[in-house]
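Quick note: the coordinates plus some simple rules give every number you see, no bench work behind them. Note that the coordinates shown come from a computational prediction; the quantities given were computed from them, not determined experimentally. Here the Cβ positions follow ideal geometry from the backbone for every residue, glycine too, while neighbour counts run over all protein chains shown.
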Amino acid sequence: MRPQGSALELEARRRRAIAYLQKGRGIREVGRLVGASPSSVVRWSLMYKRAGKEGLRAKPHPGRGLKLGKQSRQRLVKMLLKGPLAYNYRTELWTLKRVAEVIWKKFGVRYHIGHVWYILRGLRWSCQKPESRAREQNERAINNWRARRWPHIKKVPTRRPEHCLY
C-alpha cells in the first residue's frame, strides 16, 4: 500500500532517512523516526549507494494520464458554476449524466457516468439532493404548528418496569 503524502513529501522522507543513516543511526531507529519499515530504509540506502540523490527522487506514477488536465478541470468548475440552465437543461440540477454530456460537448472527452463522480469528488464537489418543498408553503404557519401542535401529538415513550430486561 502506498504511504500517505505527495511524491515530494515522500522524497523528502527518503532524504531524511539517508541523512539519519549518515549520522550513524541504526536502520530500525531510522525507520521509526521517518515512519517507514526497516526494509524500506534498507532499500532506500541501496538506491542511494547505487544512484546517489537521483535514486531517491520521486518516480512518475504509472498508468494512463488524465484525459482532462488540470486547466480543463478548472474550466469545468467554472462551467458547472454557471448552472445547468446555461447549457439548455430544463432544471437547475446537475446530474452525472448531464456533467458527462457537458464534458463531451465542451472538451471532446467521453467519460462513463460512474467515472464522472470521481472527477467531481476530485474537484471537491459533493452529492447534494435538492430539498423538495411546496411553492405555496407558509413558513410562519409551519413553525407555529411545530411549536404548539406537534408536542401534543408526538408520542412519549412509556415507562417500562424495572424488572424487564431489554
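Just checking, does region 51-67 include any residue being touching a residue at least 12 places away in the same chain (Cβ under 8 Å), part of a helix (DSSP H, G or I) and within 12 Å of ARG14 (Cα to Cα)? Yes, region 51-67 contains a residue that is touching a residue at least 12 places away in the same chain (Cβ under 8 Å), part of a helix (DSSP H, G or I) and within 12 Å of ARG14 (Cα to Cα).
Looking at region 26-57, which of the residues that are surrounded by fewer than 14 Cβ atoms within 10 Å (Cβ to Cβ) and among the hydroxyl-bearing types (Ser, Thr, Tyr) is farthest from GLY5 (Cα to Cα)? Only one residue tops the list, namely SER39.
Among helices (runs of 4 or more DSSP H) entirely within region 70-166, having at least 2 residues that are of a type in the set (Gly, Ala, Ser) and without any contact (Cβ under 8 Å) to a residue 40 or more places away in the chain singles out 139-148.
Do you know which residues across region 113-138 are over 19 Å from the mean Cα position of the chain (by Cα) and surrounded by 10 or more Cβ atoms within 10 Å (Cβ to Cβ)? Passing the criteria: only ASN138. Does PRO3 meet the test of being surrounded by fewer than 14 Cβ atoms within 10 Å (Cβ to Cβ), out of contact with any Pro (no Cβ under 7 Å at 6 or more places or on another chain) and touching a residue at least 12 places away in the same chain (Cβ under 8 Å)? When the stated conditions are applied, PRO3 passes them. For the structure I just gave you, tell me whether GLU9 is closer than 20 Å to GLY122 by Cβ and acidic (Asp, Glu). Yes: the conditions hold for GLU9.
Could you count how many residues in region 6-25 are surrounded by 14 or more Cβ atoms within 10 Å (Cβ to Cβ) and outside any helix (DSSP H, G or I)? Looking only at that region, the number is 1.
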